[in-house]
Amino acid sequence: MSRRLFNFNGGVKPPYNKEASLGEAIADFFAVAPMPAEFVIPLHQSVGGPPHPLVKAGETVKKGQLIGGPDGNVSSAVHASTSGRVKAVEMRLMPHTSGLSALCVVIEPDGKDEWIDHAPVPWRSMSPGEVRDALRDAGVVGLGGAVFPSHLKVNPGKQGHLDTLVINGAECEPFITCDDMQMRQRPDGIIKGAAILRDLTQAKQVLIGIEDNKPEAVAIMRAAVDRLQAERIEIVAVPTRYPAGGAKQLIRVLTGIEVAHGKRSTDYGVQCFNTGTAHAIHDALELGRPMISRILTVAGNVDRPRNFEVRFGTPMNDVVALCGARPDSDRYIMGGPMMGYRMPAETVPVVKATNCILVGSKAMFPPPPPEMPCIRCGECAKACPSDLAPFELFWFSRAKIFGKAQEYHLFDCIECGCCAYVCPANIPLVDYYRFAKSEIWARENEKSAADTARERYEFRLAREERDKAEKATRLAAKAAETKAKLAEQQAGSDAKKDLIAAAAARVADAENKTNAS
Amino acid sequence: MISALLVMALGAVILGAALGYAAVRFRVEGDPLVEKIDGILPQTQCGQCGFPGCRPYAEAIARGEADINQCPPGGEEGIKKLADLLGREAKPLSGEHGIEKAKSVAVIVENLCIGCTLCIQACPVDAIVGAAKQMHTVIATQCTGCELCLEPCPVDCIVMEPIAESVESWKWQYPVFEIARRSA
Amino acid sequence: MQANSPFFRRNVSIQGVMLKVLAALLPAIAVYVWFFGTAILIQIALTSIAALAGEALILSLRDKPVAIFLSDGSALVTAWLIALTFPPIAPWWLTVTATLIAIIVVKHLYGGLGQNPFNPAMVAFCLMIVAYPQMMSQWPAVGFTDFAAQVAAIFGERHIDALVMATPLDALRTGLHTPEAHATVAGIFGAGASFGNIGGKGWEWIAGGYLLGGLWLMQQRVISWRQPVAFLGTLMLIAGIASLAAPDRFAGPLFHALTGGAMLGAFFITTDPITGATTPRGKLIFAAGVAALVWIIRTFGAYPDGIAFATLLMNICVPLIDMATQPPVFGHKED
């Protein structure tokens, strides 16, 4: 029975702090909270191109109505979270560390929460391309936090089928319990979703990996597999070690396959979806419901940590208000303590990536002690799940030697935070990597812009050259033509002269005759 | 004593000959330096350096006829890169050639445009589209911000708009937890 | 600027690491005192004060926060290593100068903590043994623990001929390098070398102290098993082969492992993270290289022990070793 599991190098065992938010069942935010004054729904909530707005201020929308159309294939749709009136389509503060704004659809709810007409998608009778379009238009993206559009991943790969479909219920980040609670309370949707994914990707087996610190979820999910008689779906308890829930790490643990950076996992015959995403795919196809809400954990410095199902666009502080943030709270973190992002304000909306609102305080997450010099102790290398040499990357990033950093595989870094977690010198290693990565991206963009500009400029020069040459030949041709015409004219004028002379002669003749007569 | 001198002298002659041979034998054809300099220049083709485009400027630098601090769009960082490439000291941007500005794109105020096509002719990268007596518009993604279209416009309907930072283009800052100074 | 993720960290610090290293040196120091008297404690005090003073001076000149760096313990580790590798009755100015050079020149002129390519204590040792070869080889006779005489040797007039005795390595070298003596290894040490007298009386007990401390550091995960194993393994392997081939001319593996600075080198010097290799394979290569050089220098060189020179030679190779032994990255293992 017991399946052979593999190991990944590195990883850490931080305090998990999960029990606190496991006490209560998932609450529907709408059922337990007053209606928010407005929903601020960012159009760009997934990896890929930002969707374009399909509604204007003043229009009324229904729950589930498409308000943001996907921009090309690498993009995902956005829908109204509830029925109401579109108050504005404008720039609003994003749930992003930058503190910048982006285009959002602001909906004033009418309180009726009326669904738009929707019907199950007959996905079994549709072509794979049509199913992918349906998922894209339903706005289904990865709910593990990376928000990669799911329709791009529902792909059997080159060989036409997957060997293994991995469903990720590991949930290794401390504090977060939304997947755990969803597996405990809504296992059927997840299993059914996994079965749909299994059929869409022609997967030979489906492995649902759950960290073994969630025995209840493992038991409930196993029971659900048996009850639903789901074929080729297996629940696998994996050892608890952060970041076992990283897609690459979980694939490695379950199958032994290491998916290199920049490669598609389908090339290796595997693909990975989060449990929440599997549930959302089930909802989108079997119920026809677009993605308008998700389950999230509110934890940290609150009196009553728990899980909610929250519509996208709900202000975070409205959700936290139900949990009683303690007075010394000083920040919201979206995600967990290892990889989460500091929010610029408490009012930013819940989005598809919000798996957790972690309320922090100075006491709970003290500011890091002063950064000391690196002593090359190698703790970070031991902890790195990507087998990188973090301290080398740190040297290069700090010195802005980006080429070297890339040579040492900077972009294989998954920013899991293990290195900074163990660093005795308190170096904010991940910050250096984030800095180096965004610098490299910016430079590459600049470089390609410069290359395009050079190409276009050179083309323009060549075109001007060509125009000049053409003009020259045209002029030459014209000159020749004119000359010819002149010559002709010359000839012509001679003839005229003759005519004139002849006429003159005739006139003279006639005159002579008249005179003579 | 004499023999030591002779040995050293002989060594010098042999090494010199070898170097001289290598210089002839492995001579690099073409002028990759110009390519490298051109690769650093921002390709705005704005002509602020006093040359008609980035490549002529690159050639002038390679010939030693132009200094490395004449490119305002390249800014301090561009000068630094050129200095690194050429093994020279970086120096501040030369004031007579302009000042470094935030990256911007040209935007045509559409209700003022008379469709004269003068800007289209001025644009070095063909980033303006339109036809005679038709409204023109700038393809923002291809605009290099060279400002060459501003001057020819008879109705001054082109404005430069700085490119705003977006969530997508935002960059993580260099970490500054440094404990550098005692007072800090 | 506010902190970004990760928002919490494991409770570890450089200070903690350094303090553990210092603690691991205590057993050996205790044995040292037992066999060679309390002079070593005076030396430790001298070098510690000199190291802290030098560090404080340079830190304030460099406008760095003095308190944080002074309390990180790294200067103390250097100081203690100098005290433990120098003869305990070396004059005070010798150890103090050595310590100041180690801290100021070798550590801070290269950029301070974490930046020095060479092990400061080892540079100090090499410098002094080149400059003052005689004083650097005057070791007190085992069992000579007269405190007053030792203090006098350190601070006052040096009438120490009666105090000193050749170290086992010295004895071996002098014996074997003097052709007319026709000495053999067995002849020098006496045929009946038994435990307690393998590496020279007293020496292997000190080595045992280092071993104990080193094993504890390993258990604490402060140091890796790789350097000690590679170092001792290589040293004993080479010594073993050589002594099998020519038992009269080459000392045996146990002697090499238990005498001089071998154990100190195995657990406390080749394991220095700053100046050593960092990759798993690199650590093995680095320590094995040091060991091979130690044996060569001990056997054929002009100086009694080779740990310091061997370490510095391998320190130079570290960037190369690290570059050549980068382990494959996740997902890139086949290519």
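The values are calculated or read from the model by the stated rules, or taken from the named source; none is laboratory data. It should be emphasised that the depicted structure is a prediction, and the values quoted were computed from it without experimental measurement. Counting neighbours? That spans all protein chains shown, and the Cβs are built from the backbone with ideal geometry, glycine included. In case anyone asks, the SASA skips ligands and DNA or RNA and just uses the protein heavy atoms, side chains included. Shrake-Rupley method; radii C 1.70, N 1.55, O 1.52, S 1.80 Å.
Counting only helices (runs of 4 or more DSSP H) that sit completely within the range C:32-130, those holding 3 or more residues that are more than 17 Å from the chain's Cα centre (by Cα), hydrophobic (A, V, I, L, M, F, W, C) and within 26 Å of C:Ser13 (Cα to Cα) correspond to C:39-61, C:66-70. On inspection, A:Cys413 fails the criterion of being over 24 Å from the mean Cα position of the chain (by Cα) and within 14 Å of chain C (Cβ to nearest Cβ). When A:Tyr332, A:Tyr341 are checked against the criterion of being at the interface with another protein chain (Cβ under 9 Å from one of its Cβ atoms) and among the aromatic types (Phe, Trp, Tyr), a single residue qualifies: A:Tyr341. Being under 21 Å from B:Leu150 (Cα atoms), outside any loop (DSSP other than H, G, I, E, B) and either open to solvent by 50 Å² or more (accessible area, probe 1.4 Å) or of a type in the set (A, V, I, L, M) (or both) is a property that holds for B:Glu96.
Condition check ((1) within 14 Å of chain A (Cβ to nearest Cβ); (2) farther than 27 Å from C:Val17 by Cβ) across all residues:
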{"position": "C:Ser243", "(1), (2)": "no, yes"}
{"position": "C:Ala257", "(1), (2)": "no, no"}
{"position": "C:Ala277", "(1), (2)": "yes, no"}
{"position": "C:Trp295", "(1), (2)": "no, yes"}
{"position": "C:Asp322", "(1), (2)": "yes, no"}
{"position": "C:Pro328", "(1), (2)": "yes, yes"}
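Tell me, please, whether a residue that is within 14 Å of the chain's Cα centre (by Cα) and open to solvent by 80 Å² or more (accessible area, probe 1.4 Å) can be found in the range B:101-123. Looking through the range B:101-123, at least one residue is within 14 Å of the chain's Cα centre (by Cα) and open to solvent by 80 Å² or more (accessible area, probe 1.4 Å).
Scanning the range C:40-56 for residues that are within 14 Å of another protein chain (Cβ to nearest Cβ) and crowded, with 18+ Cβ neighbours inside 10 Å turns up at least one hit. Restricting attention to the range A:178-188 and to residues that are in contact (Cβ under 8 Å) with a residue 60 or more places away in the chain and more than 24 Å from the chain's Cα centre (by Cα), the residue that is surrounded by the most Cβ atoms within 10 Å (Cβ to Cβ) turns out to be A:Met183. Scanning the range C:115-138 for residues that are within 14 Å of chain A (Cβ to nearest Cβ) and open to solvent by 60 Å² or more (accessible area, probe 1.4 Å) turns up just one, C:Gln115.
A:Lys263 meets all of the listed conditions (1) more than 14 Å from every other protein chain (Cβ to nearest Cβ); (2) out of contact with any Leu (no Cβ under 7 Å at 6 or more places or on another chain) but one, namely (1).
Within the range A:57-74, does at least one residue satisfy the condition of being closer than 28 Å to A:Asn301 by Cα and part of a loop (DSSP other than H, G, I, E, B)?
no
Checking the stated criteria, A:Arg443 turns out not to satisfy the condition of being more than 8 Å from every other protein chain (Cβ to nearest Cβ), open to solvent by 60 Å² or more (accessible area, probe 1.4 Å) and without any contact (Cβ under 8 Å) to a residue 12 or more places away in the chain.
Contact map, the range A:84-99: residues that are at the interface with chain B (Cβ under 10 Å from one of its Cβ atoms) paired with residues that are aromatic (Phe, Trp, Tyr) and surrounded by fewer than 20 Cβ atoms within 10 Å (Cβ to Cβ), Cβ distance under 6 Å, separation 6+ or inter-chain. Pairs shown: A:Thr97/A:Tyr341; A:Ser98/B:Trp170.
Here's a check for you: in the range B:34-68, which residue that is under 18 Å from A:Tyr457 (Cα atoms) and basic (Lys, Arg) is surrounded by the fewest Cβ atoms within 10 Å (Cβ to Cβ)?
B:Lys36
Taking the criterion of being at the interface with chain C (Cβ under 10 Å from one of its Cβ atoms) and not in a loop (DSSP other than H, G, I, E, B), the residues of the range A:344-368 that qualify are A:Leu358, A:Gly360.
Of B:Gly95, B:Gly145, all but one fail to be more than 30 Å from C:Leu61 (Cα to Cα) and more than 14 Å from chain A (Cβ to nearest Cβ); the exception is B:Gly95. Within the range B:143-166, the set of residues being touching a Cys at 6+ places or on another chain (Cβ under 9 Å) and not hydrophobic (A, V, I, L, M, F, W, C) comprises B:Thr144, B:Gly145, B:Glu147, B:Pro152, B:Pro154. Is one or more of the residues making up the range C:308-316 within 14 Å of another protein chain (Cβ to nearest Cβ), of a type in the set (S, T, N, Q) and either under 21 Å from the mean Cα position of the chain (by Cα) or buried (at least 21 other Cβ atoms within 10 Å of the Cβ) (or both)? Scanning the range C:308-316, I find at least one residue that is within 14 Å of another protein chain (Cβ to nearest Cβ), of a type in the set (S, T, N, Q) and either under 21 Å from the mean Cα position of the chain (by Cα) or buried (at least 21 other Cβ atoms within 10 Å of the Cβ) (or both), so the answer is yes. Taking the criterion of being among the hydrophobic types (A, V, I, L, M, F, W, C) and surrounded by 24 or more Cβ atoms within 10 Å (Cβ to Cβ), the residues of the range C:265-279 that qualify are C:Ala266, C:Phe267, C:Phe268, C:Ile269, C:Ala277.
For the range A:40-70, taking the residues that are open to solvent by 30 Å² or more (accessible area, probe 1.4 Å) and of a type in the set (D, E, K, R), the one that is nearest to A:Ile292 (Cα to Cα) is identified as A:Lys62.
For the range A:1-35, a residue qualifies if it is open to solvent by 70 Å² or more (accessible area, probe 1.4 Å) and among the hydrophobic types (A, V, I, L, M, F, W, C), and the qualifying residues are A:Met1, A:Ala31, A:Val32, A:Met35.
Listed by first and then second residue, the pairs with beta-carbon distance under 9 Å, at least 6 apart or on different chains, first residue in the range B:126-138 and within 13 Å of another protein chain (Cβ to nearest Cβ) and under 18 Å from A:Phe459 (Cα atoms), second hydrophobic (A, V, I, L, M, F, W, C) and open to solvent by 70 Å² or more (accessible area, probe 1.4 Å), are B:Asp126/A:Phe459.
In this structure, C:Ser71 qualifies as touching a residue at least 24 places away in the same chain (Cβ under 8 Å), in the same structural domain as C:Asn116 (by TED's automatic domain parsing), among the hydroxyl-bearing types (Ser, Thr, Tyr) and surrounded by fewer than 21 Cβ atoms within 10 Å (Cβ to Cβ). For the range C:214-263, filtering for residues that are in a helix (DSSP H, G or I) and among the aromatic types (Phe, Trp, Tyr) leaves 3.
Annotation: A:Ile167 fulfils all but one of (1) surrounded by 24 or more Cβ atoms within 10 Å (Cβ to Cβ); (2) closer than 17 Å to A:Lys352 by Cα; the unmet one is (2). Name every residue in the range A:369-410 that is within 28 Å of B:Lys81 (Cβ to Cβ), open to solvent by 40 Å² or more (accessible area, probe 1.4 Å) and more than 8 Å from chain C (Cβ to nearest Cβ), in order of residue number. If the condition is that a residue be within 28 Å of B:Lys81 (Cβ to Cβ), open to solvent by 40 Å² or more (accessible area, probe 1.4 Å) and more than 8 Å from chain C (Cβ to nearest Cβ), then A:Trp395, A:Arg398, A:Ala399, A:Lys400, A:Ile401, A:Gly403, A:Lys404, A:Gln406, A:Glu407 are the ones that fit. Mind checking whether some residue in the range A:424-435 is open to solvent by 20 Å² or more (accessible area, probe 1.4 Å), within 13 Å of chain C (Cβ to nearest Cβ) and not aromatic (Phe, Trp, Tyr)? No, every residue in the range A:424-435 fails to be open to solvent by 20 Å² or more (accessible area, probe 1.4 Å), within 13 Å of chain C (Cβ to nearest Cβ) and not aromatic (Phe, Trp, Tyr).
Just give me the residues in the range A:71-92 being within 18 Å of the chain's Cα centre (by Cα) and open to solvent by 30 Å² or more (accessible area, probe 1.4 Å), in sequence order. If the condition is that a residue be within 18 Å of the chain's Cα centre (by Cα) and open to solvent by 30 Å² or more (accessible area, probe 1.4 Å), then A:Asp71, A:Gly72, A:Asn73, A:Val74 are the ones that fit.
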